[in-house]
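Enquirer: There's a structure below that I have some questions on.
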Amino acid sequence: MSWLPYIPSDGEYRIKVYNSKQFVEYDPSSGTWLKLVEEFKQHSDKQQFRFTYQGRGSCYKINTCFDDSGLCKFQNKDTYWGYGYTRGGNSDSDVWVIESKQSEYAKVYKEGNTDPWDCESDDKCVHFYRDFSDRSNQKYVFQRVGGPND
């Protein structure tokens, strides 16, 4: 299955950083935040996320396939320079905008915010930071779970 710069329909997807071997994972045993790992775990539901279209634009709710936690933004003045980070553990997901760029990759924003997902930190946490168009760690692609090659 190929990696896509958009979500074509509701379903379960893996997420990875564009042009890298870093995959988004939710493992509540090590904290409720999303983190990047370099090991691709094809059959792990910790690396699978359910996207549900919200009927407008490129807006989706995202839940983990591991425990159905909704992904939400957590923010206070002390978290990642005040920008916050993405975490699971909630019963309902925030609404996320999956904005495809140049038909190659997407940026992920919480609806109503201009700071995309970022992953430039020593702890590999998927956090937020101001938008930089050329920053590789703000670019993501998606792979549908299931199908003939999965």
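Enquirer: Suppose we keep only residues that are part of a strand (DSSP E or B) and free of Cβ contacts under 8 Å to residues at least 40 places away in the same chain within segment 75-104. Which one would you say is nearest to Ile15 (Cα to Cα)?
Expert: So the first thing to find is which residues in segment 75-104 are part of a strand (DSSP E or B), and the list is 85-90, 95-101.
Filter once more, keeping what is free of Cβ contacts under 8 Å to residues at least 40 places away in the same chain: 90, 96.
Working: Asn90: 19, Trp96: 14 Å.
Among residues in segment 75-104 that are part of a strand (DSSP E or B) and free of Cβ contacts under 8 Å to residues at least 40 places away in the same chain, the one nearest to Ile15 (Cα to Cα) is Trp96.
Enquirer: Additional query: With the checklist (1) crowded, with 17+ Cβ neighbours inside 10 Å; (2) of a type in the set (Phe, Trp, Tyr); (3) not in a strand (DSSP E or B) in hand, flag the one item Phe132 doesn't pass.
Expert: (1)
Enquirer: Would you say Ile7 is in contact with a helix residue (DSSP H, G or I) (Cβ under 9 Å, 6 or more places away or on another chain) and not aromatic (Phe, Trp, Tyr)? Give the derivation first.
Expert: Working: in contact with a helix residue (DSSP H, G or I) (Cβ under 9 Å, 6 or more places away or on another chain): no; not aromatic (Phe, Trp, Tyr): yes.
For Ile7, the condition - in contact with a helix residue (DSSP H, G or I) (Cβ under 9 Å, 6 or more places away or on another chain) and not aromatic (Phe, Trp, Tyr) - is not met.
Enquirer: Looking for whichever is among the small types (Gly, Ala, Ser) and without any contact (Cβ under 8 Å) to a residue 40 or more places away in the chain here; the options are Gly55, Gly11. Which one fits? Working first, answer last.
Expert: On the way: Gly11 fails: without any contact (Cβ under 8 Å) to a residue 40 or more places away in the chain.
It is Gly55.
Each value in this text was obtained by applying a stated rule to the coordinates, not by laboratory testing. Predicted model only: the values in this text are computed from it and were never measured. Methodologically, a virtual Cβ is constructed for each residue, glycine included, from the backbone with ideal geometry; neighbour enumeration extends over all protein chains shown.
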